Every structure is written in C-alpha cells, then in structure tokens.
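Novice: Structure provided below as structure tokens; questions to follow.
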Amino acid sequence: MPTSATATAACDPRLFAALVRKRWTVSLALTVLMLGIYYGFIYVLAYRADLLATRLGERMTVGIPVGLGIILASWLLTGIYVRWANGGYDDAVSTIKCAMQENQG
Amino acid sequence: MNTFATTLGQPNATSIIFFFVFIAITLAITYVAAKKSQSASNFYAAGRSVTGWQNGLALAGDYMSAASFLGIAGLVSLKGYDGLIYSIGFLVGWPIIMFLVAEPLRNLGKYTFADVVAYRLSQKPIRVAASIGSLLTVCFYLIAQMVGSGALVTMMFGLPYETAIIAVGAVMIAYVLFGGMLATTWVQIIKAVLLLAGATAMVVMALSRFGFNVTALFDAAAVTYGDKMLNPGGLVANPLDALSLGLALMFGTAGLPHILMRFYTVPDAKTARKSVFYATGLIGYFYVLTFIIGFAAMVLVGRDVVARVDAGGNMAALLLAEVTGGTVFLGFIAAVAFATILAVVAGLTLAGATTLSHDLYANVFRAGRSSEEAEMRVAKRATVGLGIVAVLLGLAFKGQNVAFMVGLAFAIAASANFPALLLSILWKGTSTVGAAASIVTGTVTAVGLIMLSPTVWVDIFGNAAPIFPWKNPTLVSMPAAFLAGWLGSVFVPDAKARSLYAAQQIRNYLGVGAE
C-alpha cells in the first residue's frame with residue numbers, strides 16, 4: 001500500500017509537517033469547542049437546571065432557544081471547518097503536491 | 001380534543017398505494033443498479049461516484065431511523081423539553097466525525113474502517129478484531145431496528161408482527177443483494193427527501209393552527225400541561241451517567257460501520273468533508289422538526305390520546321399527521337415511516353456483509369489473494385445470510401425490551417471501533433498488539449458492563465440492584481480501550497508499523513495514492 005511518494009515527501013518535510021500540525025490544531029480546537037458546548041449544556045442540566053427554566057416571554061423558557069441553538073452551533077462548527085479546509089488547507093495540499101511532482105521530474 | 005378517534009392500525013388505502021409506489025420506484029432503481037454492481041468498487045462503494053449533496057442526504061438517511069423520528073416525537077409529546085436533550089445528544093457526534101475521521105477514512109481506506117486500522121499493521125489480527133467490533137455494532141443496531149419495525153408496522157397497518165418482519169427482510173435483501181451500495185444509497189436519498197418533506201409539511205400544517213407562531217404553540221402546551229413541559233425534567237438525574245451516554249453518542253457516531261462506509265462512496269476527501277456539512281445540517285433540521293411535531297401532537301392530539309394509543313408515545317407523529325392532514329396524509333407518513341425502516345436495515349446489512357466478505361473472507365481467510373469475483377460471491381451470500389439472521393433475530397426478540405440495544409451499539413462503536421481508528425490515524429507508535437488489544441478491551445468492557453448495568457441486570461434479568469451503577473458503560477469502556485491501545489503498543493512495539501507511518505501521512509493528508 002505505501003507508494004513511491006514516500007521518498008519524494010522528503011522534498012520539503014518542514015512544509016508538510018507544518019500542514020499536518022495546522023490541520024490538527026484546527027480540528028482539535030473545533031472538537032474541544034464542540035465538547036465544551038455539549039458538556040456545558042449537560043453540566044447546566046445537571047446542576048443549574050433552574051437557569052434553563054428562566055422565563056423569556058409569558059411562558060417560553062430560555063431552555064428552548066438554548067437547545068435549538070446547540071443544534072445550530074453544531075452545524076455552524078462543521079461549516080467553519082469546511083470553509084477553512086476548502087480555503088487554506090486544500091491550497092497548501094496542492095502546493096506541496098506540485099513541489100513533489102517537480103522533485104520527481 | 002380527547003374524543004379524537006384514530007383510524008391508525010386499520011388498513012389504509014393511501015398508505016398502501018404510497019408504499020407500493022415507493023417499493024416500485026426503489027426496486028426499479030435496484031434493477032438499474034444491478035447492471036452496474038458487478039465489481040467490488042460498485043457493490044461496496046457505488047463506484048465512488050456519489051456527489052457531496054447525495055452523500056449528505058444518504059448519511060442523513062442512514063441516521064434518521066424510524067425509531068428516532070417516531071420515538072423522539074413521542075418522547076417530546078409525553079415529556080416535553082427532555083426530548084430535545086435526547087436529540088441534541090444524537091447530533092453532536094456529527095461534527096466529531098468531520099473533525100477527526102471523515103477525511104483520513106476516505107484517503108486511507110477502501111471499503112471498511114478496518115482498512116484504515118490495518119493500513120500499516122498486520123492484516124489478520126486487526127481484521128479479525130475489527131470485524132468483531134463491526135459485526136456486534138451492526139447486530140445490536142439491527143435487532144433494535146427489526147424489533148421496532150415489526151412493532152411499528154403492526155401498529156400502523158394492523159399486519160401480524162411476523163409478516164411485517166419477513167416483508168422488511170425480503171425487500172431489504174433484494175435492495176442490497178441486487179443493487180449493492182448504489183441502490184442502497186438511492187433508497188437512502190429518496191427516503192431522506194420523503195421524510196424531510198413529510199415532516200416539514202406536517203410542521204407547516206400544525207403551525208398554521210397557531211398563526212405560524214412557534215411561541216404560541218409552546219404557550220398552549222404550557223397552559224394545558226403545565227410549565228414543566230418547557231423545562232428540563234429528570235433526564236439528567238445522574239450527571240456521570242449522562243456524561244457516559246454523552247461520550248457514547250458523541251464518539252459512537254464516529255464508529256458506526258454503516259455510516260463510516262459511506263465515505264468511500266464519494267470521489268475524494270473534499271467531497272467527504274462537504275457531505276458531512278450537508279448531513280449535519282439536514283439531521284439538525286430534522287431534530288428541530290421532530291421537536292415541534294412532538295409539541296404539536298401534545299397540544300393538537302392530546303397527551304392522554306398519544307399515551308393511550310401507545311404507552312411509549314411512538315404513534316404521536318402519525319396521530320398528528322391524521323389530525324392535521326386527514327387519512328390521506330396519515331397514509332403518506334405511515335408509508336414514509338415504513339420506507340425509513342427498510343432503508344436503515346438495508347444500510348446496516350450492507351455494512352455487515354462487507355465486513356464478512358472484504359475483511360474476513362478476502363483479507364483473513366484468503367489473506368488478500370482472492371479474486372474479485374470470489375469476493376463478490378461471498379458478499380452476496382453474506383447479504384442473504386445476514387438478512388435471514390436479521391429476520392430470525394427480529395422474530396426471536398419479539399415483544400422484548402430492546403431499547404437498550406441502540407445504546408449498546410453506540411457504546412461498542414465508541415469503545416471498540418473509534419479508539420483503534422483514532423490511534424491508527426494519529427499515533428505513529430500504534431502497534432498491531434496495541435490496536436487489537438484496544439478493540440478487544442473496548443468490546444469486552446462495553447458488553448460486560450452493560451450486562452451488569454441497571455438496564456440489563458435489573459430491568460431484564462430482574463435482579464434487585466445493579467452491579468455496575470450507570471446505564472451506559474462508555475465513560476469506563478472508552479478510556480479502557482485507549483489505555484489498552486497505549487499499553488499494547490508500548491510493550492509490544494511494531495517496527496514495521498512505525499516505518500510505514502510516513503507513507504500513511506502522505507496518503508492521509510495529501511490524498512496521494514488514495515483509492
């Protein structure tokens with residue numbers, strides 16, 4: 001399964017390592033954010049459920065927009081990742097791939 | 001309001017017509033797909049030709065089961081706000097799939113997630129271990145779906161349970177056997193569109209009774225059934241148990257074989273990434289709809305009526321369909337619910353069959369030396385075999401409480417499949433012994449602890465007190481799997497695996513050499 005690209009990757013190992021590091025910095029930051037939002041919500045449910053019962057209007061409670069907001073936030077986080085990856089990441093990948101091909105030729 | 005008499009459970013002409021139209025269209029697609037499903041790449045991965053939008057819909061289709069549509073709407077109609085907490089748990093796993101596994105999976109694997117784990121490790125032990133994790137996840141999920149579907153069809157159409165199970169099994173085998181992944185994907189897409197359209201129509205019709213003001217709906221619910229409907233109730237009674245369930249849902253989604261397999265149907269990592277964005281949006285929208293449907297059923301149908309038809313509230317969405325759109329709309333939604341059942345079990349069966357033929361037959365028994373034709377023959381036999389097993393399990397578990405099996409499937413996925421997958425992608429030091437130990441430890445701990453938990457030890461075996469205090473084992477079993485993976489890799493290192501890591505990195509991040 002390993003390809004001949006192994007040798008040529010060494011053409012610019014620093015560039016590649018930086019790319020990998022950046023990818024995981026973004027991914028893990030977004031993962032931590034998602035975990036924080038969800039477990040923050042669970043924490044409030046467990047220990048401060050009264051906060052979510054606060055009235056917004058006549059009867060409507062804070063809990064409903066917060067819950068729906070978490071659904072929206074999960075989707076927005078995936079959107080942020082796609083935006084980042086479609087821009088910077090994909091460009092960097094094609095730059096490194098070009099460099100590899102030049103080295104091969 | 002409470003005098004409402006439902007026609008649910010009686011044969012309904014519209015639902016039968018809609019249902020046969022759905023079957024006719026999907027079988028026609030299967031027939032067309034059958035001509036293209038001869039090669040392995042077509043049978044397992046739809047020729048890698050699925051677009052981002054299509055895969056987004058298919059992923060959503062795989063995830064939006066009849067159990068979540070009818071079950072969550074029912075939970076909301078009886079308990080109000082708590083139903084929303086439940087659906088949020090099922091959604092938050094999707095961003096995790098995107099951030100941690102979607103792209104590496106697409107670039108490193110071929111047809112199954114075991115391809116990725118075994119990429120630089122010894123094939124046989126890893127494939128055997130990963131197959132156990134995969135097959136257990138698929139089987140528990142399948143039992144829950146089959147038993148649920150038999151009960152639902154009985155309630156919806158008045159058909160005998162056994163007839164329902166056999167009918168579901170037969171149609172599902174036809175899709176997978178003849179049409180492979182291509183037909184299964186299109187069945188998912190059609191079902192997802194129908195389900196989202198039907199639920200949207202129901203919400204629009206229900207909200208028209210409240211002047212299209214959602215707040216008016218919530219107010220009406222609180223006026224009739226008390227303010228507690230809009231507040232969190234007893235769902236998070238034990239914080240550690242809630243944390244454990246949260247871990248299972250969050251990381252288990254990223255370990256469900258039938259979901260992971262969908263990433264091989266798209267041409268590249270970029271499309272895989274886009275499809276998760278679409279899927280997350282569609283599933284999130286679906287959960288918002290079911291939340292409103294639940295409240296509308298509570299107010300327009302009445303909580304007592306919902307509970308009288310089915311104590312678990314499972315018929316809330318169907319009753320609301322009848323109240324808002326009459327028998328014709330009820331027929332449509334019932335047919336969509338049945339289509340949903342078929343699509344989900346088809347996806348699960350395909351994932352199970354692929355594990356048997358690609359991981360176990362081709363890569364273990366034949367050690368990678370089998371011909372594609374032989375592997376396809378095994379895949380088709382495995383499909384029929386698994387389909388029959390699903391029907392038999394559905395019959396065997398008739399009338400039993402199988403709700404815990406979905407939680408168990410997620411717990412195994414989060415403990416057996418996800419840690420090994422993540423370690424093999426991220427950690428250079430992962431060794432064959434480490435990965436295999438992680439999978440085995442995760443499986444044994446998850447299954448063992450759930451047997452000792454309140455859900456099985458007390459509710460099913462009838463003992464007085466549980467040996468393990470929480471309903472969900474993931475808070476213990478997932479860290480145990482990571483620990484076993486680390487210990488195994490440190491004590492029995494794998495020089496070959498280390499040396500292949502550089503090549504894996506290139507393929508993972510640049511997509512060079514990806515199939």
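Novice: Taking N as the number of residues in segment B:341-444, what is its alpha-carbon radius of gyration divided by 2.2 N^0.38 Å?
Specialist: Values: Rg = 16.4 Å, N = 104, 2.2 N^0.38 = 12.8 Å.
My calculation over the Cα atoms of segment B:341-444 gives 1.27.
Novice: Here is a follow-up. May I ask you to rank B:D310, B:D359 by accessible area, largest first, using a 1.4 Å probe over the protein chains only?
Specialist: On the way: B:D310 30, B:D359 0 Å².
Per-residue accessible area, sorted high to low, gives B:D310, B:D359.
Novice: Counting other Cβ atoms within 10 Å of each Cβ, which chymotrypsin sites (Phe, Trp or Tyr not before Pro) in segment B:188-220 have at most 11 and sit in a DSSP loop?
Specialist: Values: sites: B:F210, B:F212, B:F218; in loops: B:F210, B:F212.
Passing sites in segment B:188-220 are B:F212.
Novice: Per-residue HN-Hα couplings for segment A:48-57, Karplus 6.51 cos²θ - 1.76 cosθ + 1.60 at θ = phi - 60°, whole Hz, x for Gly and Pro?
Specialist: Ordered by residue, 3J(HN,Hα) equals 10, 4, 4, 4, 6, 7, 4, 6, 9, x Hz.
Novice: Order B:W94, A:W75, B:W457, most accessible first, counting only protein heavy atoms with a 1.4 angstrom probe. Each step should come with its number before you reach the end.
Specialist: Numbers: B:W94 0, A:W75 90, B:W457 70 Å².
Ranked from most to least accessible, the order is A:W75, B:W457, B:W94.
Novice: Would you tell me the accessible area of B:S477, worked out with a 1.4 angstrom probe on the heavy atoms of the protein chains, in Å² to the nearest 10?
Specialist: 0 Å²
Novice: Determine the shape class of segment B:284-341: with a ≥ b ≥ c the square roots of the Cα gyration tensor eigenvalues, call it rounded for a/c under 1.5, and otherwise prolate if a/b is greater than b/c, oblate otherwise. Can you show the working numbers first?
Specialist: Values: a/c = 1.42, a/b = 1.15, b/c = 1.23.
Cα axes put segment B:284-341 in the rounded bin.
Novice: Evaluate the distance, in nm, between pseudo-label points positioned 7 Å from the Cα of B:F365 and of B:V223 along their respective Cα→Cβ axes.
Specialist: Output for this residue pair reads 6.6 nm.
Novice: Something else about it: Averaged over every viewing direction, what's the projected area of the C-alpha convex hull for segment B:60-148? Give it in nm², one decimal, please.
Specialist: Working: hull surface 28.7 nm².
Hull-based average projected area comes out at 7.2 nm².
Novice: Next question. Kirkwood hydrodynamic radius of chain B from all distinct Cα pairs, in Å? Provide the component values of the computation, followed by the final result.
Specialist: On the way: mean 1/r = 0.0432 Å⁻¹.
Evaluated over chain B, this radius sits at 23.2 Å.
Novice: Assuming a ≥ b ≥ c are the square roots of the Cα gyration tensor eigenvalues, decide whether segment B:366-422 counts as rounded (a/c under 1.5), prolate (otherwise, with a/b larger than b/c) or oblate.
Specialist: Values: a/c = 5.13, a/b = 1.32, b/c = 3.88.
The shape class here is oblate.
Novice: May I pose another question? Whole-Å semi-axes of the protein assembly as shown's equivalent ellipsoid, largest first, each the root of 5 times a Cα gyration tensor eigenvalue?
Specialist: On the way: eigenvalues 312, 152, 112 Å².
So the three semi-axes of the protein assembly as shown are 39, 28, 24 Å.
Novice: Follow-up. For segment B:214-269, place one equal point scatterer on every Cα, skip the solvent, and apply the Debye formula. What is log10 of I(q)/I(0) at q = 0.19, 0.28, 0.31 Å⁻¹?
Specialist: Taking Cα atoms of segment B:214-269 as identical point scatterers yields -0.77, -1.03, -1.11.
Novice: Now for a separate question. Rounded to the nearest 10 Å², what accessible area does B:L194 show when all protein chains are kept and the probe is 1.4 Å?
Specialist: Result for B:L194: roughly 50 Å² accessible.
Novice: Roughly how many Å² of B:S134 are accessible to a 1.4 Å probe, to the nearest 10?
Specialist: Roll a 1.4 Å probe over it and B:S134 shows about 10 Å².
Novice: Classify segment B:192-245 as rounded, prolate or oblate from the Cα gyration tensor: take a ≥ b ≥ c as the square roots of its eigenvalues, call it rounded if a/c is under 1.5, otherwise prolate when a/b beats b/c and oblate if not.
Specialist: Details: a/c = 4.55, a/b = 1.40, b/c = 3.25.
Oblate, because a/c is 1.5 or more while a/b does not exceed b/c.
Novice: Could you please put B:T6, A:T54 in sequence from largest to smallest accessible area, using a 1.4 Å probe?
Specialist: On the way: B:T6 40, A:T54 65 Å².
So, going from the largest accessible area down, we get A:T54, B:T6.
Novice: Specify the inter-centroid distance of segment B:109-187 and segment B:285-359, based on alpha-carbon positions, in whole Å.
Specialist: Taking the Cα centre of each part, segment B:109-187 and segment B:285-359 sit 19 Å apart.
Novice: Go through segment B:486-502 residue by residue and turn each phi into a ³J(HN,Hα) via Karplus (6.51, -1.76, 1.60, θ = phi - 60°); whole Hz please, and just put x for glycine and proline.
Specialist: So the J values, rounded to whole Hz, are 5, 4, x, 6, 6, 7, 10, x, 9, 5, 5, 4, 4, 5, 8, 5, 4.
Novice: Another question, then. If amide hydrogens are placed 1.01 Å from N in the peptide plane, which non-local residues have theirs closer than 5 Å to the one on A:T61?
Specialist: A:L56
Novice: Here's another thing I want to ask about it. Given B:K380/B:K496; B:K398/B:K471; B:K380/B:K471; B:K270/B:K496; B:K124/B:K398, which pairs have Cα atoms separated by over 28 Å?
Specialist: Exceeds cut-off: B:K380/B:K496; B:K380/B:K471; B:K270/B:K496; B:K124/B:K398.
Novice: What value, in deg cm²/dmol to 500, does the helix sum -39500 (n - 2.57) over DSSP H runs of n ≥ 4 give at 222 nm once divided by the residues of chain B?
Specialist: Details: 23 runs with 365 residues, N = 515.
Rounded to the nearest 500, the figure is -23500 deg cm²/dmol.
Novice: Please report the equivalent ellipsoid semi-axes of segment B:185-291, computed as sqrt(5 x eigenvalue) of the Cα gyration tensor, largest first, in whole Å. The partial results should precede the final answer.
Specialist: Numbers: eigenvalues 211, 110, 19 Å².
Each semi-axis is the square root of five times an eigenvalue, giving 33, 23, 10 Å.
Novice: Follow-up question, since we're still on this one. Given N residues in segment B:284-380, what is Rg(Cα) / (2.2 N^0.38 Å)? Intermediate values should be presented prior to the final figure.
Specialist: On the way: Rg = 21.6 Å, N = 97, 2.2 N^0.38 = 12.5 Å.
Normalised Rg, Cα atoms only: 1.73.
The values are calculated or read from the model by the stated rules, or taken from the named source; none is laboratory data. Computed from a predicted model, the values in this text were never measured in an experiment. Note: ideal-geometry Cβ built from the backbone for every residue, glycine included; neighbour counts use all protein chains shown. Only protein heavy atoms, including side chains, enter the accessible area calculation; ligands, DNA and RNA are left aside. Shrake-Rupley method; radii C 1.70, N 1.55, O 1.52, S 1.80 Å.
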